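Remarks on the structure that follows.
The values are calculated or read from the model by the stated rules, or taken from the named source; none is laboratory data. The model shown is predicted, which means the values in this text are computed figures rather than measured ones. Methodologically, a virtual Cβ is constructed for each residue, glycine included, from the backbone with ideal geometry; neighbour enumeration extends over all protein chains shown. To get the accessible areas, we keep the full protein, side chains included, count just its heavy atoms, and leave off ligands, DNA and RNA. Shrake-Rupley method; radii C 1.70, N 1.55, O 1.52, S 1.80 Å.
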Amino acid sequence: MTHDIHVIGGGLAGSEAAWQLAEAGFKVRLSEMRGSGENTPAHHTDHLAELVCSNSFRSDDAESNAVGLLHQEMRALGSLILRTGDTHRVPAGSALAVDRDGFSAGVTAVLEAHPNVTIVRERVDVLPEGPAIIATGPLTAPALSDSIAAETGRDSLAFFDAIAPIVHRDSIDMDVAWAQSRWNKGDGTDYINCPLDKEQYHAFVQALLDGEKTEYKEWENVPYFEGCMPIEVMASRGPETLRFGPMKGVGLDVPSTGRWPYAAVQLRQDNAQGTLWNIVGFQTKLKHAEQVRIFRTIPGLENAEFARLGGLHRNTFLRSPELLDGTLRLASRPNIRFAGQITGCEGYVESAAIGLLAGRFAAAELAGRHLPSPPRETALGALLSHITGEAVAETYQPMNVNFGLFPPIEGKTKKADRKRMYTDRGRAALAGWLAA
């Protein structure tokens, strides 16, 4: 054997797992099918850690936000994904957003240069016999999915993930749209906003409802993930739903009136040059021609040119709470660990975080020692606990990290102080774990 462990899948989780293992001194074979003549319905390049949906890692606020705390914890553990994200950061208020091409190219270059990592462009169809981490993500190839299903005795669950469109910056009418972050966070101008009055908003909602959608096939009768809901599905839940979701106008001041708009569409910078902007929260299963027609009714986007239109793909994930142990090993085959979205976590950062933990657990096992799980008071520990046993297996659905996964704060507390209490407690718990 020319390697100590086999990591299958070169996405965010697999890249992070490979990095953690390589930095611990172990030889890693990193298999990625893209680049071997294979591809997925969602990827466009053969780069490792390609971002297929948004370019945002969400909030970077470690004082009052669970995902921001997760960022901080991952940085403390030497995360390649967070280090590269920081290097390729683009303006996004209090969020961490990245130049997607620079980011994935950066991760690829680092792993290609690491002496302990061998990247092999190949499709793996069966579960390996030796130590391995499966991080093939929600678009695991059918043969490997079948191998996993045969081993677990269960079919994988499934849901949809919808991709938001990207607009060329110079095609946005800035006489109508304006630059402002909600509540003027960040530098105050990190988003482009398109205002809609009441009549325009309701006409837009009706157009979403009437627009021609991608038709389902028989195998596609599966639930959506609430955190990545197609905008037309949100619209179908009631005429005001979007005004309290991705199209809320609160905290935004229309320059011509100084007042909040009835509704607003926000765009966020998608690359370092600022030439591409994605429409925030506009994941969609509308057909491409309908997207162009309907989205050009948004004030300021009448002449929008699209670098990418939205799309839809099927995601699969394990019923992890009953299949994986506390260190992410498959109970029936403890030589196999799973990491990333295939475990049922949701989000770029969460996927990378579970890859980080899988890599560290595997490195400890290869070194002949036991690594205790991070405390549940940490973001890492809360997310891991949810995946490996805290969630109810029968109703298990993909989940972002959030304070609801953390142990409750004891005693009476002011609501305004609670988030800070969670993050202060989490930092103390992580420090204790690292010092042990």
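Among the residues of the stretch 94-118, the ones that are buried (at least 22 other Cβ atoms within 10 Å of the Cβ) and in a loop (DSSP other than H, G, I, E, B) come to 1 in all. Selection of the stretch 318-336 for residues being over 15 Å from Phe361 (Cα atoms) and basic (Lys, Arg) yields Arg319, Arg333. The residue pairs whose first member lies in the stretch 385-408 and is within 14 Å of Ala353 (Cα to Cα) and touching a residue at least 12 places away in the same chain (Cβ under 8 Å), whose second member is open to solvent by 60 Å² or more (accessible area, probe 1.4 Å) and assigned to a loop (DSSP other than H, G, I, E, B), and whose beta carbons are closer than 9 Å, counting only pairs six or more residues apart or on different chains, are Ser385/Arg376. Given the criteria open to solvent by 10 Å² or more (accessible area, probe 1.4 Å), in contact with a Pro (Cβ under 8 Å, 6 or more places away or on another chain) and of a type in the set (D, E, K, R), does Asp187 qualify? Yes.
Of the residues making up the stretch 390-402, those that are touching a Ser or Thr at 6+ places or on another chain (Cβ under 9 Å) and either under 27 Å from Leu77 (Cα atoms) or not in a helix (DSSP H, G or I) (or both) are Ala391, Tyr396.
Listed conditions (1) in a helix (DSSP H, G or I); (2) without any contact (Cβ under 8 Å) to a residue 40 or more places away in the chain; (3) more than 30 Å from Pro138 (Cβ to Cβ) are all met by Met234, apart from (3). Checked against the criterion of being at negative phi and either open to solvent by 10 Å² or more (accessible area, probe 1.4 Å) or more than 21 Å from the chain's Cα centre (by Cα) (or both), the candidates Gly381, Gly347, Gly326 yield just one match: Gly326. When Ala143, Ala113, Ala62, Ala135 are screened for being under 30 Å from Leu323 (Cα atoms) and over 16 Å from the mean Cα position of the chain (by Cα), only Ala143 passes. Looking across the stretch 119-144, the residues that are surrounded by 15 or more Cβ atoms within 10 Å (Cβ to Cβ) and more than 20 Å from Glu50 (Cβ to Cβ) come down to Leu127, Pro128, Pro131, Ala132.
Only a single item in (1) surrounded by 18 or more Cβ atoms within 10 Å (Cβ to Cβ); (2) outside any helix (DSSP H, G or I) is not met by Val176, and it is number (1).
Pick from the stretch 259-278 the residues that are more than 17 Å from Lys198 (Cα to Cα) and small (Gly, Ala, Ser): which of them is most open to solvent (accessible area, probe 1.4 Å)? The selected residue is Ala272. Exactly one residue out of Thr297, Thr316 is of a type in the set (Ser, Thr, Tyr) and either on the phi > 0 side of the Ramachandran plot or part of a strand (DSSP E or B) (or both): that is Thr316.
Restricting attention to the stretch 420-436, and to residues there that are in a helix (DSSP H, G or I) and either of a type in the set (Gly, Ala, Ser) or closer than 26 Å to Met229 by Cα (or both), which single residue is most open to solvent (accessible area, probe 1.4 Å)? Residue satisfying both the conditions and the ranking: Ala435.
Considering the conditions (1) open to solvent by 10 Å² or more (accessible area, probe 1.4 Å); (2) modelled with pLDDT of 90 or more; (3) among the small types (Gly, Ala, Ser), Ser156 is excluded by exactly one of them, (2). Within the set Ala272, Ala264, the sole residue that is within 26 Å of Tyr348 (Cβ to Cβ), part of a loop (DSSP other than H, G, I, E, B) and not aromatic (Phe, Trp, Tyr) turns out to be Ala272.
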